[in-house]
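Structure below; questions to follow.
The values are calculated or read from the model by the stated rules, or taken from the named source; none is laboratory data. This structure is a prediction, so every number in the text was calculated from the model and none was measured. Here the Cβ is made from the backbone with ideal geometry for all residues, glycine too, and neighbour counts use every protein chain on show.
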Amino acid sequence: MSPFRRFVSLVPVLLACAMLAACQTPGGAAAATATLAKANAPRPMVIPKSDEYVIGPGDSLSIFVYHNPDLSEPGVAVRPDGRISTPLINDLTASGRTPTQLAQDIEDRLKKYVQDPIVTVIVRSFIGPANRQVKVIGEATDPEAIPYTDGMTLLDVMIATKGLTKYAAGNRAVIIRREPDGKQETIHVHLNDLIKDGDISQNVAMRPGDTLIIPQSWF
């Protein structure tokens with residue numbers, strides 16, 4: 001037998017010896033197992049930054065899969081349970097995720113069908129999760145839940161809800177705010193002074209989760 005053929009015949013034996021040595025090396029088997037587990041672990045949940053938009057029920061999304069138009073969806077509604085469905089993917093949680101995080105989740109799901117998928121998620125219309133909304137009830141012209149935006153003030157809220165009705169007791173309005181420790185704070189605001197008289201001292205800064213209550217006048 002030639003030296004080359006003798007070497008080729010020994011390759012399987014050498015590989016087996018190398019694998020056996022790795023397992024016998026202290027920590028070798030454990031390291032190999034840890035590496036495999038790390039590769040197969042699900043993507044960890046990352047808490048969104050305060051200035052990042054977080055998807056919520058009622059939002060409308062466009063999902064694009066690069067070079068795969070059959071898997072793309074121009075209009076996907078986030079259901080009340082916070083989930084979405086797209087081609088090949090059923091019941092994927094979207095609420096509480098940023099568009100970038102949701103795109104990564106979709107890529108992870110598509111990897112079993114598509115090689116190296118590239119996904120982009122665009123928010124077409126948005127409401128946001130409940131804890132990122134400012135709710136307006138009572139005698140506003142258009143009472144509704146408004147997505148909180150960074151730097152939002154009381155005047156921004158009144159512009160979004162188109163001001164007060166003729167029956168509103170604007171100077172008796174209150175903002176109900178839930179503090180991080182669970183305590184509730186009531187902030188009295190004079191909307192008539194703000195809107196009609198331009199009293200900027202009443203233009204308080206809003207926070208995510210605030211509720212503005214505008215009562216009706218007594219006469």
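Filter the range 161-192 for residues that are out of contact with any helix residue (DSSP H, G or I) (no Cβ under 8 Å at 6 or more places or on another chain) and among the β-branched types (Val, Ile, Thr); which is nearest to residue 207 (Cα to Cα)?
The extreme case among them is 176.
Within the range 176-194, can you find the residues that are crowded, with 18+ Cβ neighbours inside 10 Å and under 13 Å from residue 215 (Cβ atoms)?
If the condition is that a residue be crowded, with 18+ Cβ neighbours inside 10 Å and under 13 Å from residue 215 (Cβ atoms), then 189, 191 are the ones that fit.
Can you confirm whether residue 147 is closer than 20 Å to residue 58 by Cβ and in contact with a Lys or Arg (Cβ under 7 Å, 6 or more places away or on another chain)?
Working: closer than 20 Å to residue 58 by Cβ: yes; in contact with a Lys or Arg (Cβ under 7 Å, 6 or more places away or on another chain): yes.
So residue 147 fits the description; yes.
If residue 121 satisfies every condition in (1) over 23 Å from residue 52 (Cα atoms); (2) surrounded by 15 or more Cβ atoms within 10 Å (Cβ to Cβ) but one, which is the exception?
Every listed condition holds for residue 121 apart from (1).
Of all residues in the range 64-113, which are under 29 Å from residue 130 (Cβ atoms), in contact with a strand residue (DSSP E or B) (Cβ under 8 Å, 6 or more places away or on another chain) and of a type in the set (A, V, I, L, M, F, W, C)?
Those that are under 29 Å from residue 130 (Cβ atoms), in contact with a strand residue (DSSP E or B) (Cβ under 8 Å, 6 or more places away or on another chain) and of a type in the set (A, V, I, L, M, F, W, C): 64, 76, 77, 78, 84, 92, 94, 102, 103, 106.
Against the conditions (1) surrounded by fewer than 16 Cβ atoms within 10 Å (Cβ to Cβ); (2) in contact with a His (Cβ under 6 Å, 6 or more places away or on another chain); (3) not basic (Lys, Arg), where does residue 202 fall short? Just the number, please.
With (1) surrounded by fewer than 16 Cβ atoms within 10 Å (Cβ to Cβ); (2) in contact with a His (Cβ under 6 Å, 6 or more places away or on another chain); (3) not basic (Lys, Arg) applied to residue 202, the lone miss is (1).
Filter the strands (runs of 3 or more DSSP E) completely within the range 173-219 down to those with at least 3 residues that are under 19 Å from residue 141 (Cα atoms).
Values: elements: 173-178, 184-189, 211-214.
It comes to 173-178, 211-214.
Conditions (1) among the hydrophobic types (A, V, I, L, M, F, W, C); (2) farther than 30 Å from residue 89 by Cα, marked per residue:
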position: 110; (1), (2): yes, no
position: 127; (1), (2): yes, no
position: 134; (1), (2): yes, yes
position: 167; (1), (2): no, yes
position: 201; (1), (2): no, yes
position: 211; (1), (2): no, yes
position: 216; (1), (2): no, yes
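Shifting gears a bit: Residue 38 passes all but one of (1) modelled with pLDDT of 55 or more; (2) surrounded by fewer than 16 Cβ atoms within 10 Å (Cβ to Cβ); which number fails?
Here residue 38 meets the rest and fails (1).
Got at least one residue in the range 98-107 being surrounded by 16 or more Cβ atoms within 10 Å (Cβ to Cβ) and within 24 Å of residue 210 (Cβ to Cβ)?
yes
Cβ-Cβ under 9 Å, sequence separation 6+ or interchain: first residue in the range 194-206 and more than 12 Å from residue 158 (Cα to Cα), partner surrounded by fewer than 17 Cβ atoms within 10 Å (Cβ to Cβ) and at pLDDT below 95. Which pairs?
Qualifying pairs under 9 Å: 205/151.
Examine the range 116-138 for a residue that is part of a loop (DSSP other than H, G, I, E, B) and among the polar types (S, T, N, Q), and state whether such a residue exists.
Going through the range 116-138, the residues part of a loop (DSSP other than H, G, I, E, B) turn out to be 116-118, 126-129.
When the remaining residues are screened for being among the polar types (S, T, N, Q), the result is none.
Looking through the range 116-138, none of the residues is part of a loop (DSSP other than H, G, I, E, B) and among the polar types (S, T, N, Q).
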